[in-house]
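> Starting off with a structure, shown below.
The values are calculated or read from the model by the stated rules, or taken from the named source; none is laboratory data. These figures come from a predicted structure and were not determined experimentally. Positions of Cβ are generated from backbone atoms using ideal geometry, with glycine treated the same way; all protein chains shown enter the neighbour counts.
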Amino acid sequence: MKRFGVIGLVLIVLLVVAAQAASAQTVTITYWQYFYQSKVDLMTDLIKQFEAKNPGIKVEQVTFPYESYNQKVAASIPAGEGPEIINLYSGWLPMYVKAAYLQPLPKTVFSDSYMKSTYYPFVVDAVNFGGKLYAAPTAVRTLALIWNKKLFREAGLDPEKPPVTLDDLAAYAKKLSKYDAQGNLIQAGLTMQPNGQGHNWIRDVLFRQFGVAPYDATGRKVTYATPQGVAALQWYMDRITKDKVGYPNFTTDDVTAFKAQKAAMTIDGSFRIATLKAVTDLDWGAAELPSNKGIQSNFASFWTHGIVAGVSGKKLDASIKFLQFITSPEAMEQWLARVGELPANPKIAAAHKDDPIVSVFMKGLAYAHATAFVDEAGQRNLFVDMVDEINLKGAKVDDVLKRTAAQEQKLIDDFWK
Amino acid sequence: MIERRMTTIGAYLILIVLSVTMIFPFLWMVLSSFKDATQIFQSRIFPSHPTLDNYRTILLSGSSRFPQWFLNSAIVATCTTVSVLFFDSLLGYTLAKFSFPGKKLIFLLVISTLMIPTEMLVIPWYALSRAMKWGNTYWGIMFPGMISAFGVFLMRQFMTTIPNDLLDAARIDGMGELNIFIRVVLPLVTPALATLAIFNFIGNWNAFLWPLIVASKPKMFTLPVGLANFSGEAGSDWHLIMTGATVSMIPLVIIFIIFQKQIVRGIAMTGLKG
Amino acid sequence: MTLAKKRAMTAYVFLALPLVFFVGVRFGPMLYAMGRSLTDWSLLRKTNQFIGLDNFTAVLSDGVFLKSLGNTLTYALVGAPIVIGLSLGIALLLNRVIHARGLFRLIYILPYITPIVAVSWVWRWMYQSPPLGILNALFSALGLPARDFLLSPKEALYSILAVNIWVELGYCTTVFLAGIQTIPMDCIEAAKIDGATDGQVLFRIILPLLMPITLFLMIMQGIQFLRIFTPVYNMSSQAMGGPLDSTKSAALYIYQMAFTKFEMGRAAAASLILFALIMAVTLLQLRLFDKRATGQEQ
């Protein structure tokens, strides 16, 4: 009896030691991203591929809903409960860097020359803070005009000829809008959703197309409160108030409207490609954003990966390896195929220039601008409220624009203080 | 006489119209749950091709977290209810049947906690959860609800009706105090316990603010929090939202049907004794 | 040890854990919130300095907070009386009918026991603008113009309020009905024999006797509406309390300040202001109504 007890004890001790040794060999790192079905599915597969190539490293993917993503980050990273690698929106970089959530990428792997030769210039600019580079993306996205071919046919428009200028866009939208017997909109010619991509369209496209840049070169001064800015905003508001081709939150939001075929045209990002492809019976096309007076502009953004501050030792090595893998050419190709976002590497993207949908978004990259948000939600909401004030309260466009510019300036100033 | 009749008929009419207002949203919700992504946007009351697909998606598909959320809500509601039943009655019993210095003060203190709104407490609770690493654990979701001051008040009211001789007799028989509580006292207040259990379960099942804050990982969401997250960046899948809403109500409706008498009596009790 | 002492010891032993709970989960946190409201505690910065009443002045000079306070008071001052009035009326009607009383009561309680998140989304679905919303479809069938409901800064708050009222009706009706049924029939019979009309019976006997219950419900409902959060969160676009902050309640403001802006100290200050408001309204009601209740007893 006693002998069995001793043997049993020895066995248990050995097992424990073995388990410890085994787990000591395996490094586990955590990757956080926000929940978007196609991205999550792809990342699951990428992780499998990475783990096969790197036995001894395990990657755990955790996702959070978009609305509460930053909250979880803010709650966890300072408390030391964050992940090793984190996915974040390019617009949040100033905030994350200032709050010291990220550590600079190691120059040994992500050298300046590597970054310059791998990424679009606007990407390298966006991740550069004080000479240090803080993040590397897999994919970038731009906006495009997406239209419903069936609804075009029904309205007597050529389904292969989307509008090319803003004037065309306005005219088409009017033709494509339908109303019920009481005059309520039941089919939107063009979605008007500031809290979707609408605010980006106003900010980085419309303002510029009417002759004013939204911010100065430093990005810290608001410059759109000019007569040109007013003209741009007036054009946007006229679609809602005068032509009545759409309004914010029609059928809850623009994505729902377009998926339900209650909206004929929408302006959305390349990340929507996979979602739209999944809808049955939806015959759609994508075109470059309409120009105005010969000026083309686009809004580029990207979700990027960074290494969380404080990660060191074996976990840091594993994280760097993982980051390299998910920003590799193979990963970019898979990302394009399964999510629809464009490779962040211009050379890889160029290989796809004949794909009818991808090429449209890619063309936009050539003349795209990226805004560095200090408070993406806050700045977005200023524009949402701006549109609401004019549309729902009848406020005057130039008054509201001036007020919004002042409020946004204060937001930016407070951040950089 | 006729006047009486008229007013009674009038009363019935009003009540029936009101009942329709009460029930209609639920009917609409259930009808919508049988419509797929296309039918949900059609202007018809009844689905043209009713389908169970939404239920399949929500309950059976591998990617749906609904069953997990359901389980989480069930675990949290059950655990807190068991705890509330035990501790609230224990506290109510002590306050009703024992005399000791400070009894009045303690009773007032307990009742006064009813005045402190949860909205103020979530911030310190959040700090506490972070410090103790209770985030994303069942305990983190449950701990604020383990004892309820309202339940203490209720149980105390009931405990006062227990005849002291019964307790003394048990003591003379040599039963320990805890034993007396479990074997003698609790069986005598089962109606109150039932009411408390039902209300606590319902209240906990429906809790939103604190679970929203403390559960950051989707797999730890309770049902209400999960339901609130159905509408997001990829649009609003109304057919799924309505199905989710229907499913989230089913357990409560079942409890309601089985325990309607207790529920009605319980509600009435809170008002009359309040 | 004397018997009394022994009993007291037992009592303290029984009380120990629950009291630890109340101190740890209710009182302690309350004091903690009070303390932290005087600091610049934020989840984005590593500071924790004492800043006195700065948070309070910042919150009280924040137009959005003041708007949310106004909204909160509107929710309470409009909502509570309507719920009480309607449910009292329904209870009186229910008292009149004999058949199906139980069935009616069950139907009215149904909204109360179902999850508020679920009913919020159902109503949000019903409130949609054409071509989706069933309410607007009904209006259209009746030849009435469509309403914006949750999309209009003027109507949104009342649209949400209506849902909350709908939810609370069942609870209040049941309480009132129980109260009415405790009124001794002899009292009413006697009055009728003396020639009192139904109206006089209602206003001179039933209502005064229902005063304690009415007071109780006024206070409970008042507190409920002042704390409103879940319907606002689930029925406003992106849980913002819009459009244009027209539906934002104080509780939602606190939540946003703490968990989207991460300014915990400021949020704690705002939550204390809400707490003070709840206490003030409750005490005010107690004073006002208690006078009337005791006055009637003579």
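Yes or no, residue by residue, for (1) surrounded by 14 or more Cβ atoms within 10 Å (Cβ to Cβ); (2) touching a Leu at 6+ places or on another chain (Cβ under 8 Å); (3) over 19 Å from C:P29 (Cβ atoms):
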position	(1), (2), (3)
B:S48	no, no, yes
B:N54	yes, yes, yes
B:S73	yes, yes, yes
B:L121	yes, no, no
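> Counting just the residues of the range A:384-408 that are farther than 15 Å from A:H199 by Cα and of a type in the set (D, E), which one comes out surrounded by the most Cβ atoms within 10 Å (Cβ to Cβ)?
Among those that are farther than 15 Å from A:H199 by Cα and of a type in the set (D, E), it is A:D398.
> Going through the range A:243-296 one residue at a time, which ones are in contact with a strand residue (DSSP E or B) (Cβ under 6 Å, 6 or more places away or on another chain), of a type in the set (G, A, S), part of a loop (DSSP other than H, G, I, E, B) and away from every other protein chain (no Cβ under 12 Å)?
A:A264, A:S270
> Please give the number of the condition A:A144 fails out of (1) farther than 30 Å from A:L323 by Cα; (2) not in a helix (DSSP H, G or I).
(1) is the only condition that A:A144 fails.
> Which condition number does B:G145 fail, the rest of (1) more than 25 Å from C:M279 (Cα to Cα); (2) small (G, A, S); (3) touching a helix residue (DSSP H, G or I) at 6+ places or on another chain (Cβ under 9 Å) being met?
Checking B:G145 against (1) more than 25 Å from C:M279 (Cα to Cα); (2) small (G, A, S); (3) touching a helix residue (DSSP H, G or I) at 6+ places or on another chain (Cβ under 9 Å), the one that fails is (1).
> Taking the range A:360-378 as the region of interest, how many residues are buried (at least 17 other Cβ atoms within 10 Å of the Cβ) and away from every other protein chain (no Cβ under 13 Å)?
13
> OK, next. Restricting to the range C:219-277, and then to whatever is among the hydroxyl-bearing types (S, T, Y) and more than 8 Å from chain B (Cβ to nearest Cβ), can you tell me which residue is surrounded by the fewest Cβ atoms within 10 Å (Cβ to Cβ)?
C:T260
> OK, next. Report those helices (runs of 4 or more DSSP H) wholly inside the range B:173-269 carrying at least 3 residues which are out of contact with any helix residue (DSSP H, G or I) (no Cβ under 9 Å at 6 or more places or on another chain) and within 21 Å of C:Y108 (Cα to Cα).
In the range B:173-269, B:238-258 are the helices (runs of 4 or more DSSP H) which contain 3 or more residues that are out of contact with any helix residue (DSSP H, G or I) (no Cβ under 9 Å at 6 or more places or on another chain) and within 21 Å of C:Y108 (Cα to Cα).
> Same structure, new question: Quick check: anything in the range B:194-209 among the hydroxyl-bearing types (S, T, Y), in contact (Cβ under 8 Å) with a residue 40 or more places away in the chain and under 13 Å from B:Y93 (Cβ atoms)?
Checked against the condition, which is being among the hydroxyl-bearing types (S, T, Y), in contact (Cβ under 8 Å) with a residue 40 or more places away in the chain and under 13 Å from B:Y93 (Cβ atoms), the range B:194-209 yields no hits at all.
> Sticking with this structure for a sec: For A:G310, indicate whether it is assigned to a strand (DSSP E or B) and more than 20 Å from A:V205 (Cα to Cα).
So A:G310 fails the test.
> Which of (1) without any contact (Cβ under 8 Å) to a residue 24 or more places away in the chain; (2) within 13 Å of chain B (Cβ to nearest Cβ); (3) farther than 23 Å from C:P81 by Cβ is the odd one out, the single condition C:Q200 does not satisfy?
That leaves (2) as the condition not met.
> Further, regarding this structure: Out of everything in the range C:134-168 that is touching a helix residue (DSSP H, G or I) at 6+ places or on another chain (Cβ under 7 Å), part of a helix (DSSP H, G or I) and within 8 Å of another protein chain (Cβ to nearest Cβ), what residue ends up being modelled with the lowest pLDDT?
So, considering only residues that are touching a helix residue (DSSP H, G or I) at 6+ places or on another chain (Cβ under 7 Å), part of a helix (DSSP H, G or I) and within 8 Å of another protein chain (Cβ to nearest Cβ), the one modelled with the lowest pLDDT is C:I134.
> With a cut-off of at least 2 residues that are at pLDDT 90 or above and closer than 30 Å to B:G102 by Cα, name the helices (runs of 4 or more DSSP H) lying wholly within the range C:1-112.
Qualifying helices (runs of 4 or more DSSP H): C:3-22, C:28-36.
> Among the candidates C:I134, C:I98, single out the residue that is out of contact with any Cys (no Cβ under 8 Å at 6 or more places or on another chain), surrounded by fewer than 22 Cβ atoms within 10 Å (Cβ to Cβ) and over 26 Å from C:L207 (Cβ atoms).
Exactly one of C:I134, C:I98 is out of contact with any Cys (no Cβ under 8 Å at 6 or more places or on another chain), surrounded by fewer than 22 Cβ atoms within 10 Å (Cβ to Cβ) and over 26 Å from C:L207 (Cβ atoms), namely C:I134.
> Which members of the range A:381-402 meet the condition of being over 24 Å from C:A239 (Cβ atoms), free of Cβ contacts under 8 Å to residues at least 60 places away in the same chain and in a helix (DSSP H, G or I)?
Within the range A:381-402, A:D399 is the sole residue that qualifies.
> Further question on the same structure: For residues that are in contact with a Ser or Thr (Cβ under 8 Å, 6 or more places away or on another chain) and charged (D, E, K, R), scanning just the range A:37-96, find the one that is modelled with the lowest pLDDT.
A:K72
> Any idea which of A:Q103, A:Q71 is within 14 Å of chain B (Cβ to nearest Cβ) and either under 26 Å from A:F271 (Cβ atoms) or not small (G, A, S) (or both)?
When all the criteria are applied, what remains is A:Q71.
> Also, quick follow-up: Look through the range A:43-65, keep the residues that are within 29 Å of B:A228 (Cα to Cα) and of a type in the set (D, E), and return whichever of them is nearest to the other protein chains (Cβ to nearest Cβ).
Only one residue tops the list, namely A:E60.
Quick grid of which residues meet (1) away from chain B (no Cβ under 12 Å); (2) within 18 Å of the chain's Cα centre (by Cα); (3) in contact (Cβ under 8 Å) with a residue 40 or more places away in the chain:
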{"residue": "C:T74", "(1), (2), (3)": "yes, yes, yes"}
{"residue": "C:G79", "(1), (2), (3)": "yes, yes, yes"}
{"residue": "C:I82", "(1), (2), (3)": "yes, yes, yes"}
{"residue": "C:A100", "(1), (2), (3)": "no, no, no"}
{"residue": "C:Y112", "(1), (2), (3)": "no, yes, yes"}
{"residue": "C:V119", "(1), (2), (3)": "no, yes, yes"}
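> Just to be sure I understand, how many residues within the range B:110-161 are out of contact with any Phe, Trp or Tyr (no Cβ under 8 Å at 6 or more places or on another chain), outside any helix (DSSP H, G or I) and either within 12 Å of chain C (Cβ to nearest Cβ) or among the charged types (D, E, K, R) (or both)?
2
> Could you please let me know if C:W123 is within 30 Å of B:L15 (Cβ to Cβ) and either surrounded by 15 or more Cβ atoms within 10 Å (Cβ to Cβ) or not aromatic (F, W, Y) (or both)?
yes
> Determine whether the range A:104-116 contains at least one residue that is at pLDDT 85 or above, closer than 24 Å to A:Y34 by Cα, in a helix (DSSP H, G or I) and not aromatic (F, W, Y).
For the range A:104-116, residues at pLDDT 85 or above, closer than 24 Å to A:Y34 by Cα, in a helix (DSSP H, G or I) and not aromatic (F, W, Y): absent.
> State yes or no: is C:F104 buried (at least 22 other Cβ atoms within 10 Å of the Cβ), without any contact (Cβ under 8 Å) to a residue 24 or more places away in the chain and over 25 Å from B:L240 (Cα atoms)?
Against the criterion (buried (at least 22 other Cβ atoms within 10 Å of the Cβ), without any contact (Cβ under 8 Å) to a residue 24 or more places away in the chain and over 25 Å from B:L240 (Cα atoms)), C:F104 qualifies.
> Also, quick follow-up: Since B:F230 meets every condition but one in (1) out of contact with any Gly (no Cβ under 8 Å at 6 or more places or on another chain); (2) within 14 Å of chain A (Cβ to nearest Cβ), which condition does it not meet?
Of everything listed in (1) out of contact with any Gly (no Cβ under 8 Å at 6 or more places or on another chain); (2) within 14 Å of chain A (Cβ to nearest Cβ), B:F230 misses just condition (1).
> For residues that are closer than 22 Å to B:P218 by Cα and either buried (at least 21 other Cβ atoms within 10 Å of the Cβ) or among the charged types (D, E, K, R) (or both), tally how many sit in the range A:79-91.
8
> Give me a count of the residues in the range A:147-199 that are among the β-branched types (V, I, T), closer than 16 Å to A:R239 by Cβ and in a strand (DSSP E or B).
Matching residues across the range A:147-199 total 1.
> Ok, one more. Is there any pair linking a residue in the range B:254-268 that is under 19 Å from B:G151 (Cα atoms) and more than 9 Å from chain C (Cβ to nearest Cβ) to one that is of a type outside the set (S, T, N, Q) and surrounded by fewer than 18 Cβ atoms within 10 Å (Cβ to Cβ), with Cβ under 7 Å and at least six apart or on different chains, and which?
Close Cβ pairs (under 7 Å, with a partner that is of a type outside the set (S, T, N, Q) and surrounded by fewer than 18 Cβ atoms within 10 Å (Cβ to Cβ)) amount to B:Q262/B:A194.
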